[in-house]
Amino acid sequence: ETNARRAVDRGYVQVLLTIYVDWHRHDSRHRYMLIRKGVLQCIKSVTNIKLGRKAFIDANGMKILYNTSQECLAVRTLDPLVNTSSLIMRKCFPKNRLPLPTMKSAFHFQLPVIPASGPVAQLYSLPPDVDDVVDESDDNDDTETESEIETENDDDKDPHFKNDDIETDINKLKPRQELGRPIEDLKMYEHFFPELSENFQECDLVSKEPKPFVPDANLSGPIVVPTAGEE
């Protein structure tokens, strides 16, 4: 804010506008767009205060930025300059109140003169829900609707109709898991993981008939049951 006041007091707003116009005229190949944008950023910073906006308007800045922006519209690479110029002009444009007695009042304006007869009068006399725009698509609406209905009916009647967009094969829907290494490389681990190579179907792991309890001969001697000690 201090620098903005200093720029206004020393008349730098007019200097910045002159520099920007000079770059705009001589940079015909738009190679120095960043320099031009930097000048606009300086002007934007100065216009953050009320004195800067007043100095900008007094220096005819609105007309200068408007004319330069109109010349930049044809080049897409100059859109940042147009956007920054638009922000500056919107900020500095004087705000005028609407000619209304209160905020809730309706603003009345005069409608254009409508002739009493003719095609223009017929268009304005149509109800609001009537489409008054005539184009080539209006002639094809009925034909397209009838063809769509006939196509839907044919699909419903055909029992062998198949939608190609829907996949019904479960094998194709499941992702295929590919091994990173061949099976032959896993044989070196058979010693550590015998369950990978054994066939458990041949083993009778679960017997249907209960087997009698046979005490182990290796277990000899009395059986000691641990109990709590006496206090």
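A few comments on the model shown:
- Qualifying residues in the range 83-97 (those that are of a type in the set (Lys, Arg) and modelled with pLDDT under 90) - the one farthest from Ile49 (Cα to Cα): Arg97
- Check on Thr77, at pLDDT below 95 and within 31 Å of the chain's Cα centre (by Cα): yes
- The sole residue among Leu51, Leu40 that is closer than 16 Å to Met89 by Cα and at pLDDT 95 or above is Leu40.
The values are calculated or read from the model by the stated rules, or taken from the named source; none is laboratory data. Only a predicted model underlies this, so the values are computations on that prediction, with no experimental measurement involved.
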